[in-house]
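These notes are about the structure you will find just below.
The values are calculated or read from the model by the stated rules, or taken from the named source; none is laboratory data. Keep in mind that this is a model prediction, so the values were computed, not measured. So basically every Cβ, Gly included, is an ideal-geometry build from the backbone, and we count neighbours across all protein chains shown.
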Amino acid sequence: MARDFKDKVIVLGVTGSVAAYKACELASRLVEAGAEVIPVLTSGGREFVGAASLEGITGQRAITDMFEPAQNPEIEHIALARRADLFLIAPASANVIAKSAHGLADDWLSTTLLATRAPVLYAPAMNTKMYQHPATQDNIALLKRRGCHFVGPGSGALACGEFGPGRLIDTPAILEAASIALRNDHSLEGKHVLLTSGANHEPIDPVRFIGNRSSGKMGYAIALEALKRGAQVTVITGPCDVAPPFGVTIIQADTAVTMLDAVTDLLPSADIFVAAAAVADYRIENPPTKKQKRDDQPLRLELTPNPDIAAHVGLTRAAHQIAVGFAAETHDFLEHAQRKLQEKQLDLIVANDVSGADSGFGTETSRAWFLTPDEEAEVLPLLAKSELAERLFTRILALPRAAAVCDG
Ligand code: PMT
């Protein structure tokens, strides 16, 4: 995701909320990722966080008032409105949301929000009753209709002692939403991407299981890339180290059978299916309901084959649906992947080398090939999984079947 922020100009609007101090962490993460962050503090924001903190973190002068003697407002705020790649209002108070919705311009931030045509992302933070008030909800709906992005709020205990929606959503979710707003790509607008991700835990008994080393990082990257392209995304996830991104529908399914059930339920509504999960090929038939006691005898397990989810999709999907799989291989990559592509009747398979320390299970990068039924295998360099996901969707959209779907 860091690639998305490099050399971007992000105006960080900080408004009146007790969560304003969290803008410091957000600013720091954006600067670390290579963005130029211009902090803007409203009068409310200044009540909760000092300009000096944000200036120290961003290395930029914090803008606090519309008409400071040292600046020419006409030049500065219009220039920045034009230069910004993203306006990120975090925390976004009910006040700034209301002013933006109704075109008020009584301070630097509200004025510049009117002047800019850059994407605007709001991360609301306020008392639950204020957030749920029809006026606030109407203002949010109005801004969404104008194409503004929103992330959160989260739910939980609030500083005012109430419990419910209104907490500033956590920084990783804001960063994901910012990378989506910055991309401004609509190549999957209105499409539903359904994917499996993560590992399986096939129970041996109530305590033990057979699993694998999938971390869910590849599935996370695929889900985030689909979000960036405007898709509705559903992730059917087994146990994993990396939770799917904010903004997707998550279905937990820890075994191959429960994963298949979830895929079967949701497949009719999907335009693109990606099988990124490391699905267990076998399970223990009828595992005991009590923990097996240790004795000094060998423990023999009777394993039965699991259903092949990707093959089920490949063989039963509708003509407009695109089916993509992965082949986790340690040798003879193309030969094994080609066989799976054909046996599972997929449109594309990503052969990935899972033998190296820098590729496959749990890694940040992957060494992969794209195989389709009627073209030469496309070899890829070692890539970050986020870049592999980006190239995967670009390749998917170039498939003959996609041309019919996405033009249709
Ligand atoms: O999660 P990470 O740590 O980031 O690791 C990513 C990954 C290595 C798990 C991922 O890139 C990957 O390769 N996923 C597929 C792993 C796997 O099960 O590969 P396979 O060659 O055994 O299966 C081939 C395809 O059939 C896969 O799309 C798999 O999801 C699917 N399959 C396999 C068996 C089964 N019973 N049902 C299936 O749907």
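Data for the structure
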read-out	value
From the options Ala384, Ala327, residue that is small (Gly, Ala, Ser) and in contact with a helix residue (DSSP H, G or I) (Cβ under 7 Å, 6 or more places away or on another chain)	Ala327
Residue among Thr264, Thr237, Thr289, Thr249 that is β-branched (Val, Ile, Thr), touching a strand residue (DSSP E or B) at 6+ places or on another chain (Cβ under 9 Å) and surrounded by fewer than 18 Cβ atoms within 10 Å (Cβ to Cβ)	Thr249
Qualifying residue in segment 272-279 (condition: within 16 Å of the ligand (Cβ to nearest atom), over 15 Å from Val207 (Cα atoms) and out of contact with any helix residue (DSSP H, G or I) (no Cβ under 8 Å at 6 or more places or on another chain))	yes
Verdict on Asp254 being modelled with pLDDT under 95, outside the structural domain of Pro172 (by TED's automatic domain parsing) and acidic (Asp, Glu)	no
Candidates Leu80, Leu109, Leu86, filtered to the one that is surrounded by 21 or more Cβ atoms within 10 Å (Cβ to Cβ), under 24 Å from Asp185 (Cα atoms) and hydrophobic (A, V, I, L, M, F, W, C)	Leu86
Of the criteria (1) part of a helix (DSSP H, G or I); (2) within 12 Å of the ligand (Cβ to nearest atom), which one Leu266 fails	(2)
Residue that is touching a residue at least 60 places away in the same chain (Cβ under 8 Å) and more than 30 Å from Asp308 (Cβ to Cβ), where the choices are Ala173, Ala221	Ala173
Residue within segment 283-294 that is closer than 29 Å to Thr234 by Cα and within 12 Å of the ligand (Cβ to nearest atom) present	yes
Gln292 farther than 24 Å from Leu224 by Cβ and modelled with pLDDT under 95	yes
